[in-house]
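Colleague: Sharing a structure with you now.
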There are 2 protein chains.
Amino acid sequence: MTIRYPNGKKYVPVNQTTTKKTANISFSNRGKTLEDELNDSNEYYLSNNIAVIHKKPVPIQIVNVKYPARSAAVITEAYFRSPSTTDYNGVWKGLYIDFEAKETTSKTSFPLQNIHEHQVKHMKQVIEQDGLAFFIIKFTTIDRYFILFYEYFEKKWERMIAGGRKSITLAEMEEMSIEMQASFQPRLDYLAALENHLQSLL
Amino acid sequence: MTIRYPNGKKYVPVNQTTTKKTANISFSNRGKTLEDELNDSNEYYLSNNIAVIHKKPVPIQIVNVKYPARSAAVITEAYFRSPSTTDYNGVWKGLYIDFEAKETTSKTSFPLQNIHEHQVKHMKQVIEQDGLAFFIIKFTTIDRYFILFYEYFEKKWERMIAGGRKSITLAEMEEMSIEMQASFQPRLDYLAALENHLQSLL
């Protein structure tokens, strides 16, 4: 039943308007990086007891630290180290989840040159321990998102090693991976996309 | 059959002597920190395809980075952040593994003050997703190692919250946890200790 004020205007609870406004603002926020979108999604999963998935800290080689009196230690010299694993991991319904997130501005293919060999090796090791390893890939220019399982990725990686093309074409991506849409809450529901896919395999 | 040289001395293959020597050196290395021992064990697990478990990088808040010409980026100002999760996680035979490693010099109890509340919260969330969460605790002075499952730890944590003692006594530790011995390869076979325990529950 719609409640109406004596002036004929429809009654809208305050919370509802607020929520809707926020929703519009967030949803139109196309400038977010994939990392931000995934951090938002992981926070949503965590606070709703859906999964425990975190981004790992950036690995740093610390060379010098100063300890000023009465204040926090300051790192005054440090260097970035290349990661030996993927960026994200955690647990979802008893499953070990491990993935790497990558963006590309290309409209036609996903370049393989910014994937590190030790990350590929890591994902292979995860698969061998019955974990779930995959890539989340965003084509930023055409605003499309894909989940690519390591098992499919590996074929294209090996094609490159064998001297073949150094990228995965969009057409190949469409064929091999799960496409997902950005939404409001969570921003990128990659676990729902995974679940649909896993159930379709049963 | 033992091969003997004409002089009556027993033949010992060169490799065997070498291996034995190395073993003795490593085994007597009691000065290692628990972190070193666990990193060695995790490397052993990884190279023998037993499990994929890594220590997470220390979380750092980066404030300033310089980019000198023709050399690597230098972080010139950064601060340590307190970790929001545990230090170690990974996958073993399809199981999600998550633990925190702590040393104490006390001979009689394990103090709870250097456990962060958000780490406890994180472990609780892991349990709810059917992951395995535990502490590996080393009493350095008496050289004893314990695996304490989160479920048991929680009772003592709650006792502290309720105003009770701020530590777990050694007697309580002996009763609630799995004790393990340091060895050669891997240095700390915590997965074997877990496996024995999990099988004893069946």
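Colleague: Along Cα→Cβ at 7 Å, what distances in nm separate the A:E158 label point from those on the other copies, shortest first?
Modeller: 5.1
Colleague: Oh, and also: How much length, in nm to one decimal, is gained on full extension between A:D130 and A:Q185, taken as 0.36 nm per residue of separation minus their Cα-Cα distance?
Modeller: 16.9 nm
Colleague: Return the aspartates and glutamates within reach of A:K138: Cα separation strictly under 12 angstrom, same-chain partners fewer than 8 residues apart disregarded; answer none if there are no such residues.
Modeller: Cα-Cα hits under 12 Å: A:E35, A:E37, A:E100, A:E103, A:E179.
Colleague: Across peptide B:115-127, what mean number of C-beta atoms from other chains lies inside 10 Å of a residue's C-beta?
Modeller: 1
Colleague: With only Lys, Arg, Asp and Glu charged, each at its Cβ (+1 for the first two, -1 for the last two), find how big the charge dipole of segment A:39-102 is about the Cα centre; round to the nearest 20 debye.
Modeller: 220 debye
Colleague: Just the Kirkwood number for segment B:100-202, please: inverse of mean 1/r across all distinct Cα pairs, in Å, one decimal.
Modeller: 14.3 Å
Colleague: How far is A:D130 from itself in the other copies, in nm, if each label sits 7 Å out from Cα along the Cα-Cβ line, shortest first?
Modeller: 1.1
Colleague: Evaluate E = 1/(1 + (r/R0)^6) for A:R70 and A:S200, where r is the Cβ-Cβ distance and R0 equals 51 Å; express this FRET efficiency to the nearest 0.05.
Modeller: Approximately 0.25, to the nearest 0.05.
Colleague: Can you list, shortest first and in nm, the gaps between the label point of B:V74 and those of its counterparts in the other copies, using a point 7 Å from Cα in the C-beta direction?
Modeller: Nearest to farthest, the other copies are at 1.5 nm.
Colleague: Turning to a different aspect of this structure: Long-range amide H contacts for B:E77: which residues qualify at under 5 Å (H placed 1.01 Å from N, peptide plane, sequence gap of 5 or more or a different chain)?
Modeller: It is B:V63, B:N64, by chain and number.
Colleague: Please list, in chain and number order, the residues 5+ apart from A:I60 or on another chain whose amide H is under 5 Å from its amide H, with Hs placed from the backbone.
Modeller: Distant-sequence amide H within range of A:I60: A:R81, B:V58.
Colleague: Rounded to the nearest 100 Å², what is the sum over both chains of accessible area buried where A meets B, with a probe of 1.4 Å?
Modeller: It comes to approximately 2900 Å² buried between A and B.
The values are calculated or read from the model by the stated rules, or taken from the named source; none is laboratory data. On a predicted model such as this, the values are computed, not experimentally measured, just so you know. Here the Cβ is made from the backbone with ideal geometry for all residues, glycine too, and neighbour counts use every protein chain on show. Note: accessible area is taken over every heavy atom of the protein model, side chains too, but ligands, DNA and RNA are not part of it. Shrake-Rupley method; radii C 1.70, N 1.55, O 1.52, S 1.80 Å.
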